[in-house]
Structure formats: structure tokens, C-alpha cells
1. For the stretch B:93-112, enumerate the residues that are among the hydrophobic types (A, V, I, L, M, F, W, C) and surrounded by 18 or more Cβ atoms within 10 Å (Cβ to Cβ).
2. Residues to consider are B:Glu381, B:Glu320; find the one that is surrounded by 14 or more Cβ atoms within 10 Å (Cβ to Cβ), touching a residue at least 40 places away in the same chain (Cβ under 8 Å) and in a helix (DSSP H, G or I).
3. For the stretch A:197-218, enumerate the residues that are within 16 Å of ligand 1 (Cβ to nearest atom), crowded, with 22+ Cβ neighbours inside 10 Å and not polar (S, T, N, Q).
4. Out of all the residues in the stretch A:182-196, which are within 13 Å of A:Gln90 (Cα to Cα) and either away from ligand 1 (no atom under 13 Å from the Cβ) or within 14 Å of another protein chain (Cβ to nearest Cβ) (or both)?
5. Has the stretch B:409-417 got any residue that is more than 30 Å from B:Ile323 (Cβ to Cβ) and either open to solvent by 30 Å² or more (accessible area, probe 1.4 Å) or of a type in the set (Gly, Ala, Ser) (or both)?
6. Determine if the stretch A:105-117 includes at least one residue that is more than 10 Å from chain B (Cβ to nearest Cβ), in a loop (DSSP other than H, G, I, E, B) and open to solvent by 10 Å² or more (accessible area, probe 1.4 Å).
7. Could you please find all residues in the stretch A:24-52 being more than 16 Å from ligand 2 (Cβ to nearest atom) and open to solvent by less than 20 Å² (accessible area, probe 1.4 Å)?
8. Since B:Ile237 meets every condition but one in (1) free of Cβ contacts under 8 Å to residues at least 24 places away in the same chain; (2) farther than 30 Å from B:Met36 by Cβ, which condition does it not meet?
Amino acid sequence: MLALREIEKSYPLAGGSLPVLKGIDLNIAQGEMVAIMGSSGSGKSTLLNVLGLLDGFDSGGYDLDGVDMAGLSEKQAARYRSQFLGFVFQSFNLISFKTALENVALPLFYQKVPRRERQKRAMEMLGKMGMDDRSDHLPSELSGGQKQRVAIARALITSPRVILADEPTGALDSTTSTEVMQVLREVNASGITVIIVTHEADIAEQCDRTIRLHDGVIIEDGKSGEVVEPTARGARSQD
Amino acid sequence: MMGLDRDRLVELVQVVVRNPLRAFLSALGVGWGLFMIIITVGAARGLENGVKADMGSDVSNSMFAWTMSTSMPYKGYQRGRYVEMDIDDVHWIQANTQHLDLVCPEVQLGGYRGTNNVTRGKQSGAFDVHGAIAEYPQVKPMNITEGRFLNEGDLAGERKVCVIGSRVKDILFEMGEEPLGETVQIQGVIFRVVGVYTPKGNDEDAQNEAESIYIPFSTFAKAFNTRGRVGWLSMLIKDGVDAEEAEEATKQLIKARLSIHPDDPRAIGAWSMAEEFQKAELLFSGMRLISLLFGSLALLAGVIGITNIMLISIKERTKELGIRRSLGATPVRILQQIIGETLFLTLLAGLCGLVLGVGLLEAVDGYLESGGDAGVFRHPEIDFGTILTVLCILLGMSIFAGVLPAMRALAIKPVEALRSEG
Ligand SMILES: Nc1ncnc2c1ncn2[C@@H]1O[C@H](COP(=O)(O)OP(=O)(O)OP(=O)(O)O)[C@@H](O)[C@H]1O
Ligand SMILES: [Mg+2]
């Protein structure tokens, strides 16, 4: 589904450049649930943004569903984002002046789905998230967990193949985090690939596979239980 | 998909509602600009209508010529000779002109008023007395309110008949008295009244006209012993003939007839309505252009204001635009959205200005119609074509106003937009 080969990326800096991804090789199959871990500044978000076509890369190759993503125009990138990808962010990124329903329906608007159908599907999706009674609430009228449910509903509305979540539980308490992870697991169970960037070992543990980044390279990659234990310790010793 | 479906409209309204004060302030400039255009164009039109209404009593292809003294010697004549035209000269000009439809000789008694020259019983007054021919009203239109104007029979028979202005009637006759068939004495000669007229227009000229009396040219020559001397000519230029050309050719014709040096700049005076009309027309189209120009500048200032507001708005909403792009909005959709917002704001504002401007014009018009006085100002209006033009200009400007903010918005990469605060 997703294949990265020798991806390198650096940010331009005053008087030089800062390499952030230093040759990432990564294959993620359809239906996997993957956690990306690593210390702060190790390049997790950058990697996720590259995967999400929100950001480019300097060299290497990226195949999404067998199609080369190198040198994609912004318009084509938008198409792939719209068809294949759904995003969930730590800070929810709901549009503040739109209701829950309007937020969820927005991706369909960009897919040129007729209004009536947009409304219907958005309502259904909110229902699946147990949020149908909050459809006309503004984000400011929702709790953190509720906002993240709306955000996940919005990410799922276009039936994407991949959900990319950057610290989706980072702003939530542990109970709510558990609930959100529950939802994401259900999403994954329906066949959608889920990639979660997280700091928290117990979040990673709920995924099938964990990748550990350090300073722009993948230092560990394996089944969640096996990777998390030593790296969690490693992270603590580094902090 | 560029159509305005409901969600697009909702989005647009949300933008305005989210920051009503800002929307109002940015709209103010454009609204004001459009208001100014409507008002100035309408006012210019009002002035034009007023002036044209005053000129309306004059026939647009009329021309007048008169003789003065020569300023160059010619064919044995000294300079300074006072030239005169008589009725034979008029007939000759009529026969030889290629530019004129009608040549009316005219002669006037007294010239400057002062002494009472017309009496009826105990009533008397000082009036202009003209000798004219039957065709005269073609050059100088008048409303015959009673009886008729002079006719060919009057001229051929050298009849002692007269047509009097309404003021003359008021002065010489009692209220309710029937003037037709009655007689008046003009410098001792008795004339029978055959018609009463009121002049067209209501300017000072018309005021004088109302105090004039017309008698047959032939009778005039005989009764007042002027031997066919002509005071001046009132003429009609042929259709399609340039006024300036007709004026010059006619002057040359008169000069040739009266042995005046062809280059003499003074001997013959002439004045043509068409040239006045042309000058006025030029003035008015100039005025229209200037008011459109200044209005457009005001509009441009307003549109620049909107561009500014949109730039600020884009900056504040960078995050929102980033979110939209993460949700699959293509650059074109973002462009559409921003230009749509700009258009919505501008057109909304423009429409307000338009409605207010047209409303004000209508109000002023209503006031004038109901008898309000505004001098030469009359029926201010703006035609639909001008409104359409202005709206097109506005549309073009607002698209232009939206492009810069949209470009600015698209220059930011999605990932940067998402990272920004807000
Ligand atoms: N736009 C940018 N310009 C310059 N440097 C950047 C930019 N974005 C990220 N970086 C740098 O790249 C490195 C990796 O950043 P990234 O956000 O990927 O880290 P992360 O692993 O997600 O960290 P965290 O756990 O704190 O979110 C950091 O050193 C960061 O300072
Ligand atoms: Mg990060």
C-alpha cells in the first residue's frame, strides 16, 4: 500500500540545512495498524506529513497504492489526499465556525458530492462515532474526546484507505485516549490502514506494529510488544 | 461546479457573519465608490437634461447671420463700409445656396426698447416688432394658442395683420378679452391681430419672445419704410450638412453678393445652433467621462481596501485553509473560495451603494418633479446600460481583488498552513 525508499528530507536553515529524514525505507501493507514512535524532534511528524502528501521530500521514492508520488503537482496531491487519505491531528483541527456535521461533510464537498448526500453520509458517520446528538454543535461546545471523534468521523467520511494520525490522543486524558484508540482499532478492523504517531508506549502497544525513529532513521521496526519495551526504556534514558 | 450551491452560500455568509464589523468596513469603500459613481453620473445627466430642455426650444439645425461693417477694402469700396442686405439679396441667396433648406429674412423695429411703440386704446407697451415670413416658426418654434401665424396671403397681400406674444396680450388686453380680430397700433399704423403665441422654453430668451409682435415682412417694409432692408437671416441647414461648413459657405455667398472681401473676418456675423449643440454634447460626454473616471477611482480605492482585508483574513485563516487542503481541497477550490468571498463582499457592498445611489437620485427626481426648484438641474437619472457597465467594472475589479489574496493563500504549503497558529 505504502512504500518508502531511501526517503531523505532536510529543512533549509540559516547557513545550511537541517536533515530530518535521513534515508527512510518503509513498507506498510493494506490493513496494518502501525505506531510510529521516537523522541521529540526525531522526525515523526515530518515522516507522517510526507506519507500524507502534505509535504514533499528531497530524494528517494514513495509509492502509494503502486503509484509513484514523486514530483506530484499540488492538484494531484489534493486528489490523492481526497481519495486515499484521512487525517487526524493532536489539536483536532476542526474548523471553528462550522458545526460538527459541517466539519464532517467538508471532505465530501471537495469530492463534489451533492449536498443532500453529504448531509446524509456525514450524519451516518457521526452516528457511528456515537456523536449524532451533537451534530449541530460547534467545536467549542464539544469536549476533547468528542472533538477527536468528530475529527475521526471527518477523516473516515471519504472511505479512505489510510488514516494518518499525529498524536491523536496527545491532548486527551487516559480514559478518553482509550476510547479514541478503541475507535481507531475498529476503523482498522474494517480494513483501513491506520498509522499513528505517538509518544505513549501504551498507545503503541495497541497497534500491531511499531516503528521507532531516531534522528531521522528507523532504528527499530517490529511487532508492537517486542519493540515497545526496550524503546520505552530507551526513551526514558534519553530524556 | 462553479455554481452557487447552498453550502457555498452558507460559507460566504459565515465569512461575513464571523467578522461583521470588518466585513462592513471593507464593504464601505466599495459601496461608497459605487454610490459616488451613481450620484455623479446621475447629477451630470441631470445637468445635461436641464440644459437640453432649455435648448429644446431651439431648432438644432438653425443658423443665423447678420451684416456689420467691413474691415477690408474690396472692389473699390473703402473699409468700414456698413453693408446692408435687402429682400432681393435674400431671394438670391435662397436661389444659390447648396447648404440651406430655408432662408428667412427678418427685420426688427426699434431694436432697443424703451419708448412705448404699441398702443391699444388706453393701453400701451414697448415691444419688439418683427417683420417675418410665414415659414419663420420652422426656425423658431412657438405654440400658437389662438388663431394662426402669418401666412403666404398676408405676405403677398402686404396685409396689416399681426401675431402677438402672450405677454403682449396680457398687457394690451383685459382679462378674458378676445384679441383675435381686434386691432393694435404699431407706431401709429393699425394692425389686426390674427394670432397669439407662447414661446417654447422658459429661459430669458423666451421671456423676451413673449413680448414680441410679428407682422408680415412685406408689410413691415412698406409701413415703416425700410425698403426691404433685412436685419438678419434665420436659416435652416440641410439635413446631413456639417454646420461649420454650411456657416462658412453661407458667409461666402453673402460676401459675394454684397461685394465684400472673401477674407473679411468682420463684415458678416453668424451663429449656428448645431455648433452650440456640438459644444454642449462634447461638454456633457466629458462630464460623463470624468464622473465615471472619478467614480471608478473611488471604486478602485474601495476594491484595494477589500484586497487588503482579504489579505489579512487569509493570514488569519492560514490554519483553516491548511485544514481544507488536508481534506482534499485542490488549489482551484481554494482559489474559487477566496475569489468567491471577495466577490460576495464586493458585490454585496456594490449593491448597497447602487441601491442607495439610485434611491437618492429617485428621491431628488421626485422632489424636482413635484415642483422643487434646482435651477438648470432636471430629471437626474442613470440609465441601465451605465449601471451594467459599472457592475461589470465592479465584477472585474473584485475578481482582480481576490486574485492576490488567493495567490498568497496558495503560496503556503499545506504542511506550513497546518502548522500555523489559529
Ligand atoms: N518547517 C520546519 N523548518 C525547519 N525545521 C523544522 C520544520 N519542521 C520541523 N523541523 C525540524 O525537524 C525536526 C523534526 O521535526 P518533527 O516535527 O518531525 O519532529 P517530531 O518527531 O514530530 O517531534 P515531536 O515529537 O516533538 O512532535 C525537528 O528538529 C524540527 O525542529
Ligand atoms: Mg510531531
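1. Scanning the stretch B:93-112 gives B:Ile93, B:Leu100, B:Leu102, B:Val103, B:Cys104, B:Val107, B:Leu109.
2. Matching residue, one of B:Glu381, B:Glu320: B:Glu320.
3. A:Val197, A:Ile203, A:Ala204, A:Ile211, A:Arg212, A:Leu213, A:Gly216
4. none
5. no
6. yes
7. Residues satisfying the conditions are A:Leu26, A:Ile28, A:Met33.
8. The number of the failed condition is (1).
The values are calculated or read from the model by the stated rules, or taken from the named source; none is laboratory data. Just so it is clear, the structure is predicted and the values come from calculations on it, not from any experiment. Heads up, the Cβs are rebuilt from the backbone with ideal geometry, glycines too, and the neighbour counts pull from every protein chain shown. Note: accessible area is taken over every heavy atom of the protein model, side chains too, but ligands, DNA and RNA are not part of it. Shrake-Rupley method; radii C 1.70, N 1.55, O 1.52, S 1.80 Å.
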